[in-house]
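Let me begin by presenting the structure, written as structure tokens, before commenting on it.
No value in this document is a laboratory result; all are computed from the given coordinates. Since the model is a prediction, treat every value here as computed from it, not as a measurement. Neighbour counts run over all protein chains shown; Cβ positions are idealised from the backbone, glycine included.
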């Protein structure tokens, strides 16, 4: 009888781990994709103040410190290429990778929602992505 | 009189299971709290968002940490249960007597025609049900091991990919994770400690004693006596 109790706990654990690829609620993958698309759209529209509001605090700080200018000015000077169509998203816990044609954006989950950790990223074989904009 | 004694008797008759059930829950709660703090400390150090306790309890990181220990514990007992059918250890109370290696006769195992009136029904009926019941302990332990290890692989892959994304690397597939060093490092670090503990228990109990424990020989029993428990 106790063995069945253990099995029930294991079932819960397994279903929990199966759900780990995707987070629940408004902070789930939909939020991650919306943040990444909102960021790339704002950059394409030249609305850099809006794009800056979607950056993770450390990413924004590194951009400002590197350029010695406020975020919206520094972001405008980065001349990030406009992202094309959304391709796919991979979400694991507090992190998501959102692929667009010609760009990859990494977003991370904070208590108040998803923010852009890195953008303007290009793959480098056997190494981390090379990103025009990144924090952490 | 009987009513007031009933709870006390229940506690006495089930003390072993209740004690381990209680310390399991306490240890799991402690692991959850310590793991939550460690996770958030690392997130803070990387300038990333922190998780609430409820989010942490449903995270891949916590699930993988729990499952990797569960699978190794159940594997340990599965191997011990099955290995002691055939493998002997001279002088150990964990071993059967030296002439009893193997599955033993139906008479010794009280199955089929040799079952007694209080034998479990599946031990009496013969056929497939008796065969299944004869292996039921190993089957259930093996099933729990398999499910735990599968859960570890799924949750471990999710936790591993979360870290890879933080490092701006592509995630990997579940099949790729099964061949990844992270999966085998988590697995083997648990297995080696379990195998060491069981092996040392079988050997140390040849020469050492714990008075009153059924896991030990009686204190005055000879070192050469095999298969005798206190």
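Using alpha-carbon pairs under 8 Å, 6+ residues apart, how would you state the relative contact order of chain B in percent?
Numbers: 229 pairs, mean separation 56.0, N = 230.
This gives 24 percent for chain B.
Starting from the Cα gyration tensor of the stretch B:1-58, take the square roots of the eigenvalues, sort them a ≥ b ≥ c, and report rounded, prolate or oblate (rounded when a/c is under 1.5, otherwise prolate if a/b is larger than b/c, else oblate).
Cα axes put the stretch B:1-58 in the prolate bin.
How would you order B:67-74, B:204-211 from highest to lowest mean count of nearby Cβ atoms within 10 Å?
Ranked by mean Cβ neighbours within 10 Å, highest first: B:67-74, B:204-211.
For the ranges A:53-63, A:118-128, what's the packing order if you count other beta-carbon atoms within 10 Å of each residue, average per peptide, and put the highest first?
Going by the mean number of other Cβ atoms within 10 Å, highest first, we get A:53-63, A:118-128.
Two-decimal Rg/Rh of the stretch B:169-221 from alpha-carbon positions, Kirkwood Rh?
The Rg/Rh ratio comes out at 1.38.
With no solvent and one point on each alpha carbon, what is the Debye value of log10 I(q)/I(0) for the protein assembly as shown at q = 0.07 Å⁻¹?
-0.49
In whole Å, how far is the Cα centre of the stretch A:64-136 from that of the stretch B:47-111?
45
Counting partner chain Cβ atoms within 10 Å of every residue's Cβ in A:85-94, what's the average? It would help to have the intermediate numbers written out before the result.
Numbers: counts 0, 0, 0, 0, 0, 5, 5, 13, 15, 12.
Neighbouring Cβ atoms belonging to other protein chains average 5 per residue here.
Just checking the output field for B:147-159: average partner chain Cβ neighbours within 10 Å of each residue's Cβ?
5
Just tell me how shielded A:117-125 is by partners: mean number of partner chain Cβ atoms within 10 Å of each residue's Cβ, no decimals.
2
Using packing as a proxy for protection, rank B:55-61, B:95-101 so that the peptide with the highest average count of other Cβ atoms within 10 Å comes first.
So the peptides B:55-61, B:95-101, ranked by packing, come out B:55-61, B:95-101.
What is the ratio of the Cα radius of gyration of the stretch B:125-191 to 2.2 N^0.38 Å, where N is its residue count, to two decimals?
On the way: Rg = 17.6 Å, N = 67, 2.2 N^0.38 = 10.9 Å.
Scaled against compact globular proteins, the figure is 1.62.
Per the helix-only calculation at 222 nm, which mean residue ellipticity applies to the protein assembly as shown, given -39500 (n - 2.57) for every DSSP H run of n ≥ 4 and division by its residues, nearest 500 deg cm²/dmol?
Working: 15 runs with 212 residues, N = 366.
Helix-only estimate at 222 nm: -18500 deg cm²/dmol.
Starting with the fewest neighbours, write out B:121, B:157, B:129, A:72 ranked by other beta-carbon atoms found within 10 Å of each beta-carbon.
Neighbour counts put them in this order, fewest first: B:121, B:129, A:72, B:157.
Taking the stretch A:24-134, how much of its Cα-Cα pair set, in percent, is spaced more than 23 angstrom apart?
21
What is the helix-to-structure angle for B:136-166, meaning the angle in degrees between its Cα long axis and the longest Cα principal axis of chain B, kept from 0 to 90 and rounded to the nearest 10?
Compared with the principal axis, the helix lies near 10 degrees.
Kirkwood Rh over Cα pairs of chain B into Stokes-Einstein at 37 °C, 0.692 mPa s: D in µm²/s?
Details: Rh = 21.6 Å.
So the translational diffusion coefficient is about 152 µm²/s.
What's the angle, to the nearest 10 degrees (0 to 90), between helix B:60-86's Cα axis and the longest principal axis of chain B?
Approximately 20 degrees, to the nearest ten.
Taking the Cα atoms only, what angle lies between the long axis of helix B:15-45 and the longest principal axis of chain B, rounded to 10 degrees?
20
Modelled label-to-label distance, residue B:143 and residue B:116, 7 Å Cα→beta-carbon offset: nm?
It works out to 2.8 nm between the two label points.
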